[in-house]
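Accompanying notes for the structure given below.
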Amino acid sequence: MGDKLLRRWRMGLIGGGPGSFIGPVHRLAAEMDREIELVAGAFSSDPGRSREAGAGYRIDPDRAYASWSEMIGRERARADGMDFVVIATPNHLHLPAALEALDAGLAVMSDKPMTATLAEAVALAARAAQGARPYRLTYTYGGYPLVREARRLVAEGRLGSIRKIVVEYSQGWLARPVEAEGAKQAGWRTDPAQAGAGCIGDIGVHAFHLAEFVSGRRVARICADLNTLVAGRRVDDDCNALLRFDNGATGALVASQIAVGERNRLHLRLYGERASLEWRQESPNTLSIRDLDGTETILHAGTAMGPDAMAATRLPAGHPEGYLEAFANLYRDFARLLGGEDNGLLADAHEGLRGMAFIHAAQTAGGAWTDLELPA
Ligand SMILES: NC(=O)c1ccc[n+]([C@@H]2O[C@H](COP(=O)([O-])OP(=O)(O)OC[C@H]3O[C@@H](n4cnc5c(N)ncnc54)[C@H](O)[C@@H]3O)[C@@H](O)[C@H]2O)c1
């Protein structure tokens, strides 16, 4: 076996401290296929909590750092230093952490949204374009086998040309002002300085990415109605948007975090000239295709899928895979990318910038139709 196959890429995690949500998910997902290992981290802005997290992850205590700057500097000096950083902090830290890593010649896997503001994303995209090392984003839902299969079916014309796209992402966990009660995940998400945007940036951007990823179409225009329904909240917590795609297809995007009773309701429907498809994140292992004659075909993960979707499936059909495996698919793609193989399915800086342009357009157009334009 050659060195390339034996190589495990060394990861440094920024964020993922005690009590955090997504950092530990990155760790689990990255290590699932044994192509990556967590070796270092700046897990918290508090050095003691960073050390505590490092012990929990069972890494060398000397490699649980007090800050990402210290981690980048000290890891560079090691022969076995990390190969890439993962950014899983609140949004306002995505830009400075990514710039420092790219400047040090490290690859970056960042969580979404790319940054807190569009201006920051422009700066980061420019820097990523100059760098020799990859910059990619974890848009989780692009990692599901049946999402990849849906993308393939659309690309090969199974639905005919796409006429309408409806995407909904509803959650209910911010239906009350839990940020005032000390809920960690709600605190920074409802602080404009740390989050940049509310619901539209937290989950609306996932829905936006999913619609573009599966349809292969680009949102060209948007008319968004952003609302704050919980009194005293400083960011949007509910959004309804009309979309117009580059091929003339119409669309609607609903994102809400005050939808009482909804857990993680991400639903996608695409309507073409000949057929439609539907995928639901909470039942991710089936995909419905409905034809003009009224027949409905239900595809099951692991059964008769194309190569990208089969490659994203680890178990025989009927053995449910879900969120962690989808996340792990992003990391397997990333590991292969570091080794020089790019399947083109991971979101890059350009996709990140599109997401930020979407958020910005929704925030600034005051409910009017506006072009979704990428700044030069
Ligand atoms: N891909 C997804 O589906 C998904 C899901 C959840 C969150 N996210 C994104 O992940 C990011 C984190 O979200 P979360 O819910 O895990 O937040 P969280 O509040 O649970 O965790 C944030 C972590 O960052 C750490 N941190 C803060 N400042 C730091 C610093 N200066 N240096 C090092 N660590 C620092 C905190 O200590 C904490 O451990 C956000 O950008 C969010 O949008 C993505």
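The values are calculated or read from the model by the stated rules, or taken from the named source; none is laboratory data. Keep in mind that this is a model prediction, so the values were computed, not measured. Here Cβ is always computed from backbone atoms with ideal geometry, including for glycine, and neighbour counts include all displayed protein chains.
Quick notes on this one:
- Taking each residue of region 285-309 that is without any contact (Cβ under 8 Å) to a residue 40 or more places away in the chain and looking for partners that are of a type in the set (S, T, N, Q) with beta-carbon atoms closer than 7 Å, six or more apart or interchain, yields ARG290/SER276; GLU296/SER288; ILE298/THR286; ILE298/SER288; HIS300/ASN285; HIS300/THR286.
- The lone exception for ASP33 - which of (1) within 15 Å of the ligand (Cβ to nearest atom); (2) part of a loop (DSSP other than H, G, I, E, B); (3) not basic (Lys, Arg) it fails: (1)
- Candidate set from region 177-210 (those that are within 9 Å of the ligand (Cβ to nearest atom) and farther than 20 Å from PRO18 by Cβ); member that is surrounded by the most Cβ atoms within 10 Å (Cβ to Cβ): GLY201
- Qualifying residue in region 224-235 (condition: within 16 Å of the ligand (Cβ to nearest atom) and more than 23 Å from HIS350 (Cβ to Cβ)): yes
- All positions within region 39-70 that are more than 21 Å from MET114 (Cβ to Cβ), part of a helix (DSSP H, G or I) and under 26 Å from the mean Cα position of the chain (by Cα): ARG49, SER50, ALA53, GLY54, GLY56
- Close pairs (7 angstrom Cβ cut-off, 6 or more residues apart or separate chains): more than 18 Å from MET109 (Cβ to Cβ) in region 72-96, of a type in the set (A, V, I, L, M, F, W, C) and within 12 Å of the ligand (Cβ to nearest atom) anywhere: HIS92/ALA116
- Matching residues in region 142-159 - criterion: being part of a helix (DSSP H, G or I), more than 16 Å from the ligand (Cβ to nearest atom), among the aliphatic types (A, V, I, L, M) and surrounded by 20 or more Cβ atoms within 10 Å (Cβ to Cβ): LEU146, ALA150, LEU153, VAL154
- The one condition from (1) under 18 Å from THR138 (Cα atoms); (2) surrounded by 22 or more Cβ atoms within 10 Å (Cβ to Cβ) that ALA361 does not meet is (1).
Matching residues to (1) in the same structural domain as ALA301 (by TED's automatic domain parsing); (2) modelled with pLDDT under 95; (3) of a type in the set (Lys, Arg):
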residue: GLU120; (1), (2), (3): no, no, no
residue: ALA126; (1), (2), (3): no, no, no
residue: ALA132; (1), (2), (3): no, yes, no
residue: TYR135; (1), (2), (3): no, no, no
residue: LEU146; (1), (2), (3): no, no, no
residue: GLY157; (1), (2), (3): yes, no, no
residue: GLY160; (1), (2), (3): yes, no, no
residue: VAL167; (1), (2), (3): yes, no, no
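- Boolean, LEU153 is touching a helix residue (DSSP H, G or I) at 6+ places or on another chain (Cβ under 8 Å) and either assigned by TED's automatic domain parsing to the domain that holds ILE200 or not aromatic (Phe, Trp, Tyr) (or both): no
- Checking each residue in region 100-141 for being on the phi < 0 side of the Ramachandran plot, small (Gly, Ala, Ser) and away from the ligand (no atom under 15 Å from the Cβ) picks out ALA104, ALA107, ALA119, ALA123, ALA125, ALA126, ALA128, ALA129, GLY131, ALA132.
- Subset of region 55-99 that is of a type in the set (Asp, Glu) and within 21 Å of ALA335 (Cα to Cα) - its residue that is farthest from the ligand (Cβ to nearest atom): ASP80
To keep it simple, each residue is scored yes or no on (1) of a type in the set (Lys, Arg); (2) surrounded by 24 or more Cβ atoms within 10 Å (Cβ to Cβ); (3) touching a helix residue (DSSP H, G or I) at 6+ places or on another chain (Cβ under 7 Å).
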{"residue": "ARG49", "(1), (2), (3)": "yes, no, no"}
{"residue": "GLY56", "(1), (2), (3)": "no, no, no"}
{"residue": "ASP62", "(1), (2), (3)": "no, no, no"}
{"residue": "MET82", "(1), (2), (3)": "no, yes, yes"}
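- The set of residues in region 98-111 being surrounded by fewer than 24 Cβ atoms within 10 Å (Cβ to Cβ) and under 18 Å from ARG27 (Cβ atoms) consists of LEU106, ALA107, ASP111.
- Boolean, ALA207 is assigned by TED's automatic domain parsing to the domain that holds LEU315, part of a loop (DSSP other than H, G, I, E, B) and either touching a helix residue (DSSP H, G or I) at 6+ places or on another chain (Cβ under 7 Å) or modelled with pLDDT of 95 or more (or both): no
- The condition (being assigned to a helix (DSSP H, G or I) and in contact with a His (Cβ under 9 Å, 6 or more places away or on another chain)) is satisfied by just one residue among ALA98, ALA126, ALA121, ALA116: ALA121.
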